[in-house]
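Peer 1: Below is a structure I'd like to ask you about.
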Amino acid sequence: MTDTPVLSVRNLVVEIPTRRGILRPVDNVSYDIHAGEILGVVGESGAGKSMTGNAVIGLLDRPARITSGEILLSGQPIHNLKGEALRRLRGKKMGMIFQDPLTSLNPLLTVGDQLTETILEHLGVSQQQARERAIAALEEVGIPAARSRIDSYPHEFSGGMRQRVVIALALCAEPDLVIADEPTTALDVSVQAQIVALLKRLCRERGVAVMLVTHDMGVIAEAADRVAVMYAGRLAELGPVREVLTAARHPYTSGLMASTPLASQGHERLRQIPGAMPRLGNLPDGCAFHPRCDYAQDRCRRDPGPTLETCDGRAACWFPLGAERKQEVGA
Amino acid sequence: MLAYIIRRVFQSVLVLLVVGLVAFSMFSFVGDPVDNMLGQERTQADVERLRDQLGLDQPFVVQYWRFLEQAAQGNFGLSYRQGRPVAEILMERLPATLELAFVSGLLALVGGIALGIFTAIRRRGVSANVIMTASLIGVSLPTFLIGILLIYVFSVELGWLPSFGRGEVTRIGGWTTGFLTESGLKALILPAITLGLYQMTLIMRLVRTEMLEVLRMDYIRFARARGLREKSINFRHALKNTLVPVITITGLQLGSIIAFAIITETVFQWPGVGLLFINAIQFVDIPVMAAYLMMISVMFVGINLIVDMLYFAIDPRLRVDRTAGGH
Ligand SMILES: Nc1ncnc2c1ncn2[C@@H]1O[C@H](COP(=O)(O)OP(=O)(O)OP(=O)(O)O)[C@@H](O)[C@H]1O
Ligand code: SF4
Ligand SMILES: [Mg+2]
């Protein structure tokens with residue numbers, strides 16, 4: 001892929017000033033997403049997945065803010081846009097899908113109202129055309145009898161159908177990038193797969209770039225082209241989905257895999273990573289993962305934290321798995 | 001929904017029956033009306049005749065039923081003090097109170113909602129904080145004090161507005177209105193502010209709290225993520241959701257304006273039913289007091305019912321009869 005990526009995040013840092021000092025929920029994160037590609041983002045709760053997505057779409061809650069790095073949308077820097085300029089991009093160039101379809105839709109406006117207002121805002125079409133587009137958008141996400149259901153209120157749809165409506169809303173102004181923050185977490189297991197399949201189909205058919213945040217390794221395996229694994233605000237591993245899932249290089253990724261039931265893994269016992277992710281306020285020196293890492297050595301505690309750039313470009317680890325493990329000699 | 005309405009109507013009737021009982025009991029427990037009505041010089045025959053005329057010799061339940069029957073027809077008997085039918089006296093006084101309550105209610109509603117939205121949207125702004133602080137004073141100052149302060153500033157010191165009465169009124173059928181003359185309108189200003197200020201601050205704080213709550217909801221965030229304009233987010237998405245819970249309490253507040261009018265009417269010598277009630281208390285004019293109580297409670301209950309219906313109109317989730325069946 002030689003074309004400009006739809007989304008390019010370069011050394012992004014998000015900081016939250018607090019009384020106890022400055023926290024970095026996103027620390028030096030870089031990745032690209034190309035048209036028609038799904039980047040899966042995984043990591044434990046609090047790893048900074050949502051924070052990264054919110055930073056991209058410009059919806060960080062105070063006092064969190066971007067302090068350095070760049071966000072390029074189709075090559076154009078957007079990280080320093082504000083107010084009106086940013087608003088015009090939202091919905092039109094980038095959409096967002098949230099976790100809970102029950103709370104993402106305004107209960108007092110019909111589904112059609114919410115769709116047409118978004119379409120009218122971004123596309124120069126008439127009221128009538130907007131309505132037709134709204135119906136088409138509902139049909140595209142698989143709402144049966146869209147024409148007759150467009151004037152229904154959100155509560156008249158089931159959870160899975162509502163998430164389809166949310167997806168239609170995020171995509172109705174034809175953005176190039178969609179950030180889906182745990183779009184299946186709040187859903188019934190039975191409809192999760194359908195929603196993932198829908199996202200995948202829309203991504204392929206429309207050539208949308210998708211950032212798919214999830215806890216679910218199964219979802220990653222099913223939908224993602226590449227995976228970014230986050231730990232304590234940093235990227236731990238970034239690579240093509242097959243390689244990362246079958247041959248994890250970062251000990252944290254491998255730990256995550258071992259703790260997830262995946263069909264491909266057969267009947268091995270699930271193993272949790274011991275300990276918990278450290279709080280942002282007291283990250284350990286060196287590699288943030290070292291207190292929990294089976295392979296930690298002196299260098300891990302001593303040297304500044306490894307990054308993708310300072311390591312092999314795939315895993316932020318001094319001693320990646322798979323590579324020949326050299327024992328540190330002397331000090 | 002129909003079942004719900006029927007239940008609410010039933011409850012309302014029950015409330016009115018209880019209030020009616022209280023109002024009626026006043027007749028028997030607060031002194032002997034015959035003593036009050038006939039002066040020192042009376043004969044036993046006078047007493048008997050009056051007792052008979054007032055139906056005071058019959059059993060309690062029968063009297064209560066008769067009272068209800070009469071009350072339902074707007075007949076509350078004769079005022080002990082004026083000797084005229086209470087209904088007639090009330091009807092004379094009612095327009096003054098209703099016009100005052102209407103203007104204050106409008107002021108409270110429009111001002112309260114507008115300021116509530118403003119202070120919620122600009123919650124970090126200086127002016128919003130000034131308004132919030134001022135509203136604390138508004139809530140804590142007693143009504144009569146506000147009235148007196150206003151009179152002092154605008155009537156005594158500046159001499160701009162009258163300090164008492166209704167000004168010139170125009171008679172239209174059985175109604176007297178102060179809306180049509182300059183002096184009538186001028187006379188309305190201070191009492192309306194006095195009466196409406198408290199409700200306005202309450203509504204404002206309520207709207208603000210609700211609005212802030214709503215602005216934190218996911219669907220507002222999602223609306224933002226879709227690139228909708230702030231104007232549309234605030235007034236289309238947030239305001240409507242804010243009004244659902246606000247409407248109930250606001251409705252009740254407006255109902256209580258009529259009751260609160262007693263104080264304002266006394267301060268401004270406003271010739272409404274509130275002032276009538278105060279005077280009736282001084283003279284233990286039980287029929288007037290009872291009628292006033294009944295009238296206020298009917299209004300309260302009526303407003304309550306209307307508020308409930310509004311609730312249905314605004315929130316589609318409550319209109320259960322049109323669920324289209326999900327998947
Ligand atoms: N206002 C704040 N003050 C301090 N820390 C905050 C604040 N907001 C967020 N954080 C921290 O930022 C970190 C990143 O949070 P984020 O929501 O991005 O995590 P996540 O990876 O999406 O987790 P989850 O899987 O639970 O959604 C968390 O550790 C959180 O505690
Ligand atoms: S750098 Fe060291 S501590 Fe960190 S993950 Fe790699 S081996 Fe473990
Ligand atoms: Mg999250």
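Peer 1: If you average the C-alpha positions of segment B:183-209 and of segment B:108-145 separately, how far apart do those two centres end up, in angstrom?
Peer 2: Each part's Cα centre sits 12 Å from the other's.
Peer 1: Something else now. Using the alpha carbon gyration tensor of segment B:185-225, what are the three equivalent-ellipsoid semi-axes (square root of 5 times each eigenvalue), largest first, in whole Å?
Peer 2: On the way: eigenvalues 260, 21, 3 Å².
Three semi-axes, in Å: 36, 10, 4.
Peer 1: When the gyration tensor of chain B is built from Cα positions, what are the square roots of 5 times its three eigenvalues, in whole Å, from largest to smallest?
Peer 2: Details: eigenvalues 386, 158, 44 Å².
Listed largest to smallest, the semi-axes of chain B are 44, 28, 15 Å.
Peer 1: Okay, moving on. So what are the three principal axis dimensions of segment B:93-283 from its Cα atoms, in whole Å, longest to shortest?
Peer 2: Result for segment B:93-283: principal-axis Cα extents of 63, 37, 32 Å.
Peer 1: What are the extents of the Cα atoms of segment B:181-306 along their three principal axes, in Å, largest first?
Peer 2: 66, 34, 21
Peer 1: So if R0 is 56 Å, what FRET efficiency would B:Asn279 and B:Arg122 give, r being the distance between their Cβ atoms, rounded to the nearest 0.05? Show your work: numbers first, answer last.
Peer 2: Numbers: r = 46 Å, r/R0 = 0.83.
Working from the Cβ atoms, E equals 0.75.
Peer 1: Still on this structure: Provide, for q = 0.31 Å⁻¹, the log10 of I(q)/I(0) from a solvent-free Debye sum over equal Cα point scatterers in segment A:158-205.
Peer 2: Per q value, in the given order, log10 I(q)/I(0) is -1.38.
Peer 1: Could you work out how far helix A:159-171 tilts from the main Cα principal axis of chain A, as a 0 to 90 degree angle to the nearest 10?
Peer 2: Rounded to the nearest ten degrees, it is 90.
Peer 1: Taking only the alpha carbons of segment A:1-136, what extent do you get along each of the three principal axes, in Å, biggest first?
Peer 2: 52, 40, 29
Peer 1: Follow-up. With a cut-off of 8 Å between alpha carbons and a minimum separation of six or more residues, what is the relative contact order of chain A in percent? The partial results should precede the final answer.
Peer 2: Details: 632 pairs, mean separation 65.2, N = 331.
It comes to 20 percent, rounded to a whole number.
Peer 1: Simple spin-label model, 7 Å along Cα-to-Cβ: A:Ala258 to B:Leu2 in nm?
Peer 2: In this crude label model, A:Ala258 to B:Leu2 measures out at 6.7 nm.
Peer 1: Take B:Glu92, A:Glu156 and sort them by solvent-accessible surface of the protein heavy atoms, 1.4 Å probe, largest at the top.
Peer 2: Working: B:Glu92 95, A:Glu156 10 Å².
Ranked list, largest accessible area first: B:Glu92, A:Glu156.
Peer 1: Pull out the extension gain between B:Gln269 and B:Leu212, defined as 0.36 nm times the separation in residues minus the alpha carbon to alpha carbon distance; nm, one decimal.
Peer 2: Length difference between fully extended and current span is 16.5 nm.
Peer 1: Considering only DSSP beta bridges whose two residues both sit in chain A, what percent are antiparallel, to the nearest 5? Mind showing how you got there, number by number?
Peer 2: Details: 25 of 43 bridges.
Of those bridges, close to 60 percent are antiparallel.
Peer 1: Extension gain B:Ile148-B:Thr170, at 0.36 nm per residue separation less the Cα-Cα distance, in nm?
Peer 2: Working: separation 22, 0.36 × 22 = 7.92 nm, distance 2.73 nm.
Here the segment from B:Ile148 to B:Thr170 would lengthen by 5.2 nm.
Peer 1: Further question: Along the Cα→Cβ direction, 7 angstrom out, place labels at B:Ala259 and A:Asp113. What is the inter-label distance in nm?
Peer 2: 3.4
Peer 1: Rounded to whole Hz and in sequence order, give me ³J(HN,Hα) for segment A:136-149 from the Karplus expression 6.51 cos²θ - 1.76 cosθ + 1.60, θ = phi - 60°, writing x for Gly and Pro.
Peer 2: Along segment A:136-149, the couplings run 4, 5, 5, 5, 5, 8, x, 8, x, 6, 4, 4, 8, 9 Hz.
Peer 1: Residue by residue through segment B:164-169, what is 3J(HN,Hα) from phi via Karplus (6.51 cos²θ - 1.76 cosθ + 1.60, θ = phi - 60°)? Round to whole Hz and write x for glycine and proline.
Peer 2: The phi angles translate into 8, x, 10, x, 7, 10 Hz.
Peer 1: Given a Förster radius of 51 Å and the C-beta distance between B:Ser183 and A:Arg204 as r, what FRET efficiency does 1/(1 + (r/R0)^6) yield to the nearest 0.05? Each step should come with its number before you reach the end.
Peer 2: Working: r = 77 Å, r/R0 = 1.51.
For B:Ser183 and A:Arg204, the calculated efficiency is 0.10.
Peer 1: I've got another one for you. How far apart, in nm, are the 7 Å Cα→Cβ label points at A:Arg62 and B:Ala114?
Peer 2: 2.6
Peer 1: Now for a different question. How much area per residue is accessible in chain A when the probe is 1.4 Å and only protein heavy atoms are counted (Å²)?
Peer 2: Using a 1.4 Å probe on heavy atoms only, each residue of chain A averages 44 Å².
Peer 1: Still on this structure, please answer the following. What's the whole-number percent of alpha carbon pairs in the protein assembly as shown lying beyond 42 angstrom? Let's see the in-between values first.
Peer 2: Working: 103586 of 216153 pairs.
That tail contains 48 percent of the Cα-Cα pairs.
Peer 1: Quick one: which of A:276-285, B:57-66, B:113-122, B:162-171 comes out on top by average Cβ neighbours within 10 Å, and what's the full order, highest first? Don't skip to the answer; put the middle values down first.
Peer 2: Working: A:276-285: 13.9, B:57-66: 12.0, B:113-122: 20.2, B:162-171: 16.6.
Going by the mean number of other Cβ atoms within 10 Å, highest first, we get B:113-122, B:162-171, A:276-285, B:57-66.
Peer 1: Next question, about the same structure. Heavy-atom accessible surface, probe 1.4 Å, ligands and DNA/RNA ignored: which residues of segment B:208-232 lose at least 30 Å² versus the isolated chain?
Peer 2: For segment B:208-232, once contacts with the other chains are taken into account, B:Asp218, B:Tyr219, B:Arg221, B:Phe222, B:Arg224, B:Ala225, B:Arg226, B:Gly227, B:Leu228, B:Arg229 lose 30 Å² or more.
Peer 1: Counting only protein heavy atoms and using a 1.4 Å probe, what share of the accessible area of segment B:93-283 belongs to carbon plus sulfur, as a whole percent? If you can, show how the numbers build up before the last one.
Peer 2: Numbers: 5990 of 8610 Å².
On segment B:93-283, the fraction of accessible area on carbon and sulfur atoms equals 70 percent.
Peer 1: Can you run phi through the Karplus equation (6.51, -1.76, 1.60; θ = phi - 60°) for segment A:15-21 and list ³J(HN,Hα) in whole Hz, with x for Gly and Pro?
Peer 2: Those phi angles translate into 10, 10, x, 10, 5, 8, x Hz.
Peer 1: Report the FRET efficiency, 1/(1 + (r/R0)^6), for B:Arg42 and B:Leu136, where r is their Cβ-Cβ distance and R0 is 56 Å, rounded to 0.05.
Peer 2: Details: r = 57 Å, r/R0 = 1.01.
So, using R0 = 56 Å, E works out to roughly 0.50.
Peer 1: Of the lysine pairs in the protein assembly as shown, how many meet both conditions: Cα atoms under 24 Å apart, and a spacing of 8 or more in sequence or different chains?
Peer 2: Value for the protein assembly as shown: 12.
Peer 1: What Kirkwood Rh does chain A have if only Cα atoms enter the pairwise 1/r average? Answer in Å. Please list the in-between numbers first.
Peer 2: Working: mean 1/r = 0.0478 Å⁻¹.
When all Cα pairs of chain A are included, the Kirkwood radius is 20.9 Å.
Peer 1: Give the accessible area for B:Thr177 in Å² (nearest 10); use a 1.4 Å probe, count only protein heavy atoms, and leave out ligands, DNA and RNA.
Peer 2: Accessible surface of B:Thr177 is approximately 10 Å².
The values are calculated or read from the model by the stated rules, or taken from the named source; none is laboratory data. Being a predicted model, the structure only gives us computed values, none of them experimental. Positions of Cβ are backbone-derived with ideal geometry, glycine not excepted, and every protein chain shown enters the neighbour counts. Ligands, DNA and RNA are stripped out before the accessible areas are found, and what is left, the full protein with its side chains, is counted by its heavy atoms. Shrake-Rupley method; radii C 1.70, N 1.55, O 1.52, S 1.80 Å.
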